[in-house]
Amino acid sequence: MKRELEETRRQGTPMRPLQVYHMHNDPGWIDVPFHWHENAEVLLMQAGALDLQVEGRHYAARPGEVYFINPRELHGMQAASAGCAYLAFVFPLSWLQFAVNDAAEEDCLRPLATRRARADNALPPAAARPAAVLLAQAAALAADPSPAAALALKALLLQFVAGLYRGGLVARRAGADGADPLRRIAGYLQQHCAEPLTLERMGAEFHMSPKYFSAWFQKHFARTFSDYLTAVRIERAKTLLQQTDAGIEWVSQQAGFSGSSYFIRVFRRAAGCTPGQYRRQYREGRN
């Protein structure tokens, strides 16, 4: 497991570890490089089109569709159209587990939480329609801090998990996944994104010709090597802007960009604002 790809951001609060992200293309453009986390993640598509990749599987997500990402599954996504919007629910499955060891706990919740079972990533229409109703209700409750709302939220998410089982969408795990090369390459880019990275260097590192590596990368990452590397560097820059007071020139160098003017131009195109504006907005949002 590549730890450099792990997202360790705390979701919600200790008493309610659920975060609902309202993702949309305005401003900027949705482009999330590969990562994984210990939480489950549920996506409800609202508008536009999204390219979603989970452990080497590719999905063209459209409005009304629902996707489930199991704990520790490597995933990334990027908008495939203007006006792309979706809700992302991120939470630990342990939050839904019971103190009493009943059949629901033993046969349904614990296997998913401990990765002895996994759910299908894409819900079929018959399961997605009722799931979308539950998730819309959960999103409306997410901002309510009352204990009653927290209880209702858990009840809605338990109904969602029950729907996965009723639809026959959960199966016991058998053997290791086949995403190791993808995970190794994504981890290498995350670790070395501040360095000059070329197709020649990547091909040599992973024992492929530059031409073959380029074709392999585009097939498995659903975009060009250059586009993905830029997305990784933008995410690194966002982290540095959030966590340091360093100047824009230093941030651009540490994120792997060739100069601050180029960095500002690419960042504005990706995030819809300049790096300085992004830092101010992030800090104002935390106060």
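Any residue that is open to solvent by 10 Å² or more (accessible area, probe 1.4 Å), in contact (Cβ under 8 Å) with a residue 24 or more places away in the chain and in contact with a Pro (Cβ under 7 Å, 6 or more places away or on another chain) - is there at least one of those in region 56-75? No, region 56-75 contains no residue that is open to solvent by 10 Å² or more (accessible area, probe 1.4 Å), in contact (Cβ under 8 Å) with a residue 24 or more places away in the chain and in contact with a Pro (Cβ under 7 Å, 6 or more places away or on another chain).
Look at (1) open to solvent by less than 30 Å² (accessible area, probe 1.4 Å); (2) within 21 Å of V32 (Cβ to Cβ); (3) modelled with pLDDT under 95 and you find that R269 fails only one, number (1). Right, D107: open to solvent by less than 70 Å² (accessible area, probe 1.4 Å) and of a type outside the set (K, R) or not? Taking the combined requirement at face value, the residue does not satisfy it. For region 126-168, the tally of residues that are in contact (Cβ under 8 Å) with a residue 60 or more places away in the chain and closer than 21 Å to A104 by Cβ stands at 11. Within region 1-17, the residues that satisfy the criterion of being open to solvent by 60 Å² or more (accessible area, probe 1.4 Å), part of a loop (DSSP other than H, G, I, E, B) and in contact (Cβ under 8 Å) with a residue 40 or more places away in the chain are M1, K2, M15.
Rundown of residues vs (1) open to solvent by less than 70 Å² (accessible area, probe 1.4 Å); (2) touching a helix residue (DSSP H, G or I) at 6+ places or on another chain (Cβ under 8 Å); (3) assigned to a loop (DSSP other than H, G, I, E, B), yes/no style:
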| residue | (1), (2), (3) |
| --- | --- |
| A194 | yes, yes, yes |
| A204 | no, no, no |
| Y212 | no, yes, no |
| L241 | yes, yes, no |
| S261 | no, no, no |
| G276 | yes, yes, no |
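From the list V42, V32, V20, the one residue that fits, being touching a helix residue (DSSP H, G or I) at 6+ places or on another chain (Cβ under 8 Å), assigned to a strand (DSSP E or B) and surrounded by fewer than 21 Cβ atoms within 10 Å (Cβ to Cβ), is V32.
The values are calculated or read from the model by the stated rules, or taken from the named source; none is laboratory data. These figures come from a predicted structure and were not determined experimentally. Glycine gets a Cβ as well: all are built from the backbone with ideal geometry, and neighbour counts include every protein chain shown. Ligands, DNA and RNA are stripped out before the accessible areas are found, and what is left, the full protein with its side chains, is counted by its heavy atoms. Shrake-Rupley method; radii C 1.70, N 1.55, O 1.52, S 1.80 Å.
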